[in-house]
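Heads up: the structure comes next, in structure tokens.
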Amino acid sequence: MSRQFFRNIIRFLLLVLVQVLVLNEIKLGGYINPYIYVMFIILLPVDISKSLLLTLAFILGLTIDFFGNTLGLHAAATVLMAYARPGTINLFFSNLEFNSNEEPSLQRLKFSGFFRYVFVLVFIHNFTLYMLEVFSFTDFLYTLYRIMLNTLLTMLLIFITMFIFNKKSN
């Protein structure tokens, strides 16, 4: 088995553990909860098959749902995010050639490209998650406020994690 396979298993386990044991216990302001586990889907290889991508997203979301007792909310949001991922990559990076098994990275996509890519996917995830949680348009502006704050906090954590763990030595 490839080194990348084991790296993705370790990434999956670590992100789930951090989410379940640390981040799910943090509620900033009573309603903001960062979801760093989506980083697993964001960093999967660009050429991964769609069926495997959606299956992994479902397993990831269901795992978070199991520990958070959220009845499929995370599974639905993560699968929708994974479904939008290939289109997002094509939208922003159609001019780039990716190697086999290449992961989206800050180095390859540059900061602005990676920022747009992560923002769209995290926003889709959070929008879906919060709208399914509320299941109403009555307080839409308040829900949108929560979605934006949570998206920004999640992105901040993703970028901090990327800077800490992806330092390339020259």
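The values are calculated or read from the model by the stated rules, or taken from the named source; none is laboratory data. These figures come from a predicted structure and were not determined experimentally. Quick reminder, even Gly has a Cβ in these numbers, built from the backbone with ideal geometry, and neighbours come from all protein chains shown.
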Next on the checklist: Need pairs with beta-carbon distance below 6 Å; first residue under 16 Å from residue 83 (Cβ atoms) and within region 47-70, second of a type outside the set (A, V, I, L, M, F, W, C) and crowded, with 18+ Cβ neighbours inside 10 Å; sequence gap 6+ or separate chains.
Outcome noted: 57/78; 60/78; 61/74; 61/78
Checklist entry - So residue 33 fits all but one of (1) modelled with pLDDT of 95 or more; (2) surrounded by 16 or more Cβ atoms within 10 Å (Cβ to Cβ); (3) polar (S, T, N, Q); what number is the exception? => result (1)
Item to check | Members of region 53-89 that are among the small types (Gly, Ala, Ser) and surrounded by fewer than 18 Cβ atoms within 10 Å (Cβ to Cβ) | outcome: 68, 72, 84, 87
Next on the checklist: Suppose the filter is β-branched (Val, Ile, Thr), exposed (fewer than 14 other Cβ atoms within 10 Å of the Cβ) and under 20 Å from residue 40 (Cβ atoms); does residue 124 pass it?
Outcome noted: no
Checklist entry - Only one residue in 109, 91, 96 is assigned to a loop (DSSP other than H, G, I, E, B) and either over 17 Å from residue 35 (Cβ atoms) or touching a strand residue (DSSP E or B) at 6+ places or on another chain (Cβ under 6 Å) (or both), so which one is that? => result 96
Next on the checklist: Quick check on region 1-25: of everything there that is over 18 Å from the mean Cα position of the chain (by Cα) and farther than 21 Å from residue 58 by Cβ, which residue is surrounded by the most Cβ atoms within 10 Å (Cβ to Cβ)?
Outcome noted: 6
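Which one of 59, 32, 10 is of a type in the set (A, V, I, L, M) and touching a Leu at 6+ places or on another chain (Cβ under 6 Å)?
Just a single option satisfies the conditions, and that option is 32.
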